[in-house]
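Here's the structure, in structure tokens; my notes come after.
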Amino acid sequence: MFIDLHCHTRATKKGDGAARNVTPEKFSEAIQARQVSIVGITNHNLFDRAQYNQLVNEVGSYAQLWPGVELDVHDSGNDEGPTARWHMIVISNPDRIDAFSEALTSILGNSLPNDFFGEVSDVLSAFLAEGQDVLFISHCRKKSPYISDTEINRLEAMVPEGERWRLFLEEKDLRTIGIWSYEGKHMVFGSDVKDWNNYASKDSKGIWTTKLPELRLKVDGFSQLAKLAQRDGRIVKTLLGDRGPNSFLVHPHKNVDVQIQLYDEVNVIFGGKGTGKTEILNSLEPTLVNQGKRVSVYHGSAKAQQFDELLLTDGIGRRAEDLGRESCSEEISELAAWADVQPTPIVGYIDWKRTEGNSGSKARFRITRGSNLPTGTPDEYQFHLHAAKVITEFIERCNGEDNFLQYLSKEDAQELMHLLTALLEGAKRKAREAYIEYKALLLTNLGLASIKRLADGKSDTKSKPGDTGFLRYATGRVTLGNISKKLYVQSGEKGDETDCKYDFAPLGVIDDKGDMEIVTRWRYLSSKSRTKEFNVGIRDLNEIRAKWKTISENIGASNIGSNVKAVSEKCKGLGVDDLTAFIGVWKYGHIVGTDNNSEYMPSDGEKGMLMLNKVLKTDADAYLLDEPEAGMGNSYIEASIRPMVSKRGKERRMVVVATHNANLAVRTLPYASIYREHISGDKYCTYEGNPFANELIDVEGVRPPISWSARSMEVLEGGAEAFGDRASIYAAGKVEVEDEDN
Amino acid sequence: MKIIKTSIIKFDDNNEVLRFYFGRDEDYQVDVRLTNEDGVEDLKTVFQLLLAETLKDNVLVGKPQSENNPTGLYVDVCNEYVLDLNRELASARKQIIEEGLAETSMQTTEENKAE
């Protein structure tokens with residue numbers, strides 16, 4: 001739908017060429033050839049009402065002609081001098097032509113078109129007065145004489161906030177208005193026709209020589225264009241920010257295909273119960289997903305279920321490190337492989353003694369009588385090694401992100417780093433010494449065993465066994481005790497806050513209660529634990545821990561081997577191969593400001609508010625909302641949902657709302673309204689339209705168009721009579737309230 | 001200090017054992033058969049009982065007393081064995097204390113002080 005809001009039909013100033021004069025017949029012929037549907041008649045400093053009427057009569061129903069004028073204006077309050085003069089077009093609602101004509105006459109006074117220069121504040125006052133309904137379009141940038149950037153701000157300041165949607169700027173072409181429009185300015189441009197002979201001509205490539213913008217949406221009249229302008233200011237299509245429409249095949253019922261047009265804006269599906277609105281949304285979702293779009297979905301009838309799904313813990317990771325613990329997978333493996341060290345058979349001592357005299361040279365080889373040296377455990381060097389690691393990490397934190405050194409003077413910082421370095425070297429030295437001692441003892445015993453084996457091979461003797469095996473036996477039990485104790489301690493609650501880790505995900509606000517969030521809590525098994533927190537039964541986990549405790553406290557027990565075997569087999573059977581099985585995960589609703597562990601379960605209505613808020617706040621390309629009004633008050637819909645829906649639409653996100661609610665279906669001023677009508681039996685009809693065109697058209701082209709406003713009022717408001725009654729009752733109430741106030 | 005008495009006994013069937021005396025009244029005895037391959041199983045029982053005692057206190061195995069004229073070879077063997085065993089018992093006790101596994105904490109503290 002082409003629109004020309006800057007169109008001259010008369011040469012009124014000295015600079016205007018005679019070719020601007022046009023006869024009604026030529027005018028009608030030209031705009032029909034150029035396929036223009038709306039024309040603003042904007043001659044310089046003149047509105048020729050007689051000619052306007054002739055043009056209207058000639059054009060008939062083909063196009064809408066809106067009365068207007070192009071004024072020479074200046075702002076005497078602007079100290080920019082000559083630059084504060086520009087051309088401002090004023091276009092009026094044709095229904096208000098009398099008021100417009102009257103105001104213009106008073107502004108122009110006795111000035112001839114060639115001489116007029118109006119004070120902009122006077123122009124604004126006259127056309128913003130009661131009874132007026134106009135748009136102001138100022139030349140800007142490349143369209144000379146243009147309004148300066150300073151003056152744009154001054155102009156906005158002169159107009160009440162609620163009326164600023166009436167201010168537009170005119171650039172020369174589509175490319176530049178696209179950029180300005182993207183930056184939030186309300187842009188338009190017109191033909192500024194200079195020669196009617198060329199108005200509808202095409203160049204050698206078949207392209208129109210008169211460039212004109214197309215409206216984003218077809219409009220029914222000035223009031224509908226005003227609604228579109230009020231909605232987001234972007235009334236014409238630009239090269240940037242295309243919002244569609246895009247065509248989608250949807251299925252309101254099984255095996256029923258319907259092609260509908262949807263915009264990257266607010267789209268509404270309405271109609272009676274059972275007309276397939278929900279099914280349309282359901283069939284739209286996979287199509288959008290397959291296009292690679294991120295889709296955020298809300299079903300009013302399943303709001304409680306959607307909320308409950310937020311509390312599912314399936315797939316949430318459990319990491320011991322996150323709670324400052326160790327997973328101890330090696331310890332569990334060691335425990336499973338543990339067995340008592342076997343004693344050295346006493347027959348080894350007997351063989352040694354029996355053959356002792358067989359070789360004189362071996363008798364002198366006294367090292368073959370040596371005993372193994374006690375090696376102990378690697379605990380000591382591991383202790384020093386751990387200390388060195390902790391010190392290293394602290395030094396890195398001092399120099400890294402934490403930058404602890406900032407709290408000290410330069411000298412003190414150097415001193416601290418010197419001491420920490422010395423501390424680290426000390427720990428490393430101790431670790432080295434302990435490591436050498438432990439490994440040296442092991443190697444000594446290995447060497448001794450080798451010497452004995454070689455000496456035995458060269459003589460008819462047996463060397464003395466290296467040990468009885470008791471120390472190794474005792475060490476094995478001590479190691480077992482340590483492992484079991486570690487597993488017991490690391491797998492359970494220690495009784496302080498560090499045992500828990502929390503993740504807080506904001507969800508929304510509940511009236512009177514405050515901000516709500518979803519908390520994910522990780523904590524080790526404790527007396528407060530619930531079965532659902534774990535993948536393994538609590539009873540089994542407690543049994544395993546009890547066994548570890550028993551083993552660690554009874555390393556001298558005769559039945560220790562069977563206890564170890566039993567607990568290891570239980571772990572294996574339950575798939576417990578590290579201690580993450582003992583970390584419980586739980587998700588719950590929580591009111592911000594209360595104790596971290598206090599849970600809040602919202603009512604069904606609150607769940608709906610929260611879920612809808614979450615869905616609309618999700619960063620997505622498309623939002624599919626099925627009866628968002630279900631279970632919610634109109635005040636909440638009006639105060640919270642409608643603004644969020646409109647905001648997403650303005651961000652060029654596709655929002656498709658299936659609704660029975662008039663506030664959502666009408667007051668969001670949707671780019672597309674899809675209406676589903678039940679005809680009879682299993683016959684349905686799908687209409688498309690919007691409030692701007694004020695019509696709904698059968699997508700199959702079978703049925704005649706119907707009025708968008710009439711059908712919306714009938715379906716969403718219960719009919720014109722009901723709507724009127726409510727309006728009069730409310731109005732009466734208002735009068736009574738005002739009376740009471742008086 | 002707990003003393004575990006031992007003796008070397010020769011039976012009428014010529015089998016010979018190293019006997020360990022456990023229990024407050026030394027009424028629980030474990031024989032390690034010196035002339036039988038199953039002696040290792042006997043030693044496991046002895047080790048388990050010695051460890052139980054070592055967790056409580058320092059333990060010393062007494063020099064074996066001969067009963068019924070045992071074979072000289074076995075007497076020499078058992079004397080050497082008990083010497084080795086006592087050395088390992090002392091090391092094990094030290095380790096148990098270091099690891100904090102000693103069952104009498106007061107005693108452990110005293111021993112630590114002595115060291």
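The values are calculated or read from the model by the stated rules, or taken from the named source; none is laboratory data. Quick caveat: nothing in here was measured; it's all calculated off a predicted structure. Note: ideal-geometry Cβ built from the backbone for every residue, glycine included; neighbour counts use all protein chains shown.
Counting only residues that are of a type in the set (A, V, I, L, M, F, W, C) and either more than 7 Å from every other protein chain (Cβ to nearest Cβ) or in contact with a Pro (Cβ under 6 Å, 6 or more places away or on another chain) (or both), the stretch A:340-358 holds 2 of them.
A:R472 meets the stated requirement of being within 14 Å of another protein chain (Cβ to nearest Cβ), out of contact with any helix residue (DSSP H, G or I) (no Cβ under 6 Å at 6 or more places or on another chain) and farther than 15 Å from A:R366 by Cβ.
A quick yes/no check of all residues on (1) out of contact with any Gly (no Cβ under 8 Å at 6 or more places or on another chain); (2) within 24 Å of A:G719 (Cα to Cα); (3) at pLDDT 85 or above; (4) among the small types (G, A, S):
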position	(1), (2), (3), (4)
A:P643	yes, no, yes, no
A:V657	yes, yes, yes, no
A:E677	no, yes, yes, no
A:Y687	yes, yes, yes, no
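Of the residues making up the stretch A:393-403, those that are of a type in the set (S, T, N, Q) and either closer than 24 Å to A:L448 by Cα or not in a loop (DSSP other than H, G, I, E, B) (or both) number 1.
Specify the residue that is farthest from A:L612 (Cα to Cα); the eligible residues are those in the stretch A:324-351 that are within 41 Å of the chain's Cα centre (by Cα) and surrounded by 18 or more Cβ atoms within 10 Å (Cβ to Cβ). Top of the filtered list is A:C328.
Looking across the stretch A:225-241, just one residue is in contact with a Phe, Trp or Tyr (Cβ under 6 Å, 6 or more places away or on another chain) and crowded, with 21+ Cβ neighbours inside 10 Å, and that is A:L228.
Of all residues in the stretch A:666-676, those satisfying the criterion of being over 15 Å from A:Y263 (Cα atoms) and not charged (D, E, K, R) are A:V666, A:Y675.
Only residues that are assigned to a helix (DSSP H, G or I) and charged (D, E, K, R): list them for the stretch A:446-465, please. Correct list: A:K452, A:R453, A:D456, A:K458. None of A:S484, A:S450, A:S459 is among the polar types (S, T, N, Q) and modelled with pLDDT of 95 or more except A:S484. Being closer than 30 Å to A:C571 by Cβ, more than 14 Å from every other protein chain (Cβ to nearest Cβ) and touching a Phe, Trp or Tyr at 6+ places or on another chain (Cβ under 9 Å): is that true of A:S491 here? When the stated conditions are applied, A:S491 passes them. Within the stretch A:6-29, the set of residues being β-branched (V, I, T) and either in a helix (DSSP H, G or I) or out of contact with any helix residue (DSSP H, G or I) (no Cβ under 8 Å at 6 or more places or on another chain) (or both) comprises A:T12, A:T23. Taken over the stretch A:261-293, residues that are under 26 Å from A:G718 (Cα atoms), crowded, with 21+ Cβ neighbours inside 10 Å and touching a helix residue (DSSP H, G or I) at 6+ places or on another chain (Cβ under 8 Å) amount to 5. When every residue of the stretch A:27-45 is checked against the conditions, none turns out to be out of contact with any Ser or Thr (no Cβ under 8 Å at 6 or more places or on another chain) and basic (K, R).
Taken residue by residue, the stretch A:294-301 has at least one member that is away from every other protein chain (no Cβ under 14 Å) and either of a type in the set (D, E, K, R) or surrounded by fewer than 16 Cβ atoms within 10 Å (Cβ to Cβ) (or both). None of A:K486, A:K501, A:K462 is over 30 Å from A:P378 (Cβ atoms), within 14 Å of another protein chain (Cβ to nearest Cβ) and surrounded by 15 or more Cβ atoms within 10 Å (Cβ to Cβ) except A:K462.
On the basis of being more than 7 Å from chain A (Cβ to nearest Cβ), within 20 Å of A:G348 (Cα to Cα) and not in a loop (DSSP other than H, G, I, E, B), does B:V40 make the cut? Against the criterion (more than 7 Å from chain A (Cβ to nearest Cβ), within 20 Å of A:G348 (Cα to Cα) and not in a loop (DSSP other than H, G, I, E, B)), B:V40 does not qualify.
The test for being in contact (Cβ under 8 Å) with a residue 24 or more places away in the chain, in a strand (DSSP E or B), surrounded by fewer than 20 Cβ atoms within 10 Å (Cβ to Cβ) and not hydroxyl-bearing (S, T, Y) holds for B:L60. Out of all the residues in the stretch A:249-270, which are closer than 13 Å to A:V699 by Cα and acidic (D, E)? Passing the criteria: only A:D257.
Here's the yes/no breakdown for (1) in contact with a strand residue (DSSP E or B) (Cβ under 8 Å, 6 or more places away or on another chain); (2) under 20 Å from A:R648 (Cα atoms); (3) at pLDDT below 85; (4) not in a loop (DSSP other than H, G, I, E, B):
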residue: A:A229; (1), (2), (3), (4): yes, yes, yes, yes
residue: A:L239; (1), (2), (3), (4): no, no, yes, no
residue: A:R243; (1), (2), (3), (4): no, yes, yes, no
residue: A:P252; (1), (2), (3), (4): yes, no, no, no
residue: A:V268; (1), (2), (3), (4): yes, yes, no, yes
residue: A:K273; (1), (2), (3), (4): no, no, no, no
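Residues of the stretch A:205-224 that are within 28 Å of A:D133 (Cβ to Cβ) and not in a loop (DSSP other than H, G, I, E, B): A:E214, A:L215, A:F222, A:S223, A:Q224.
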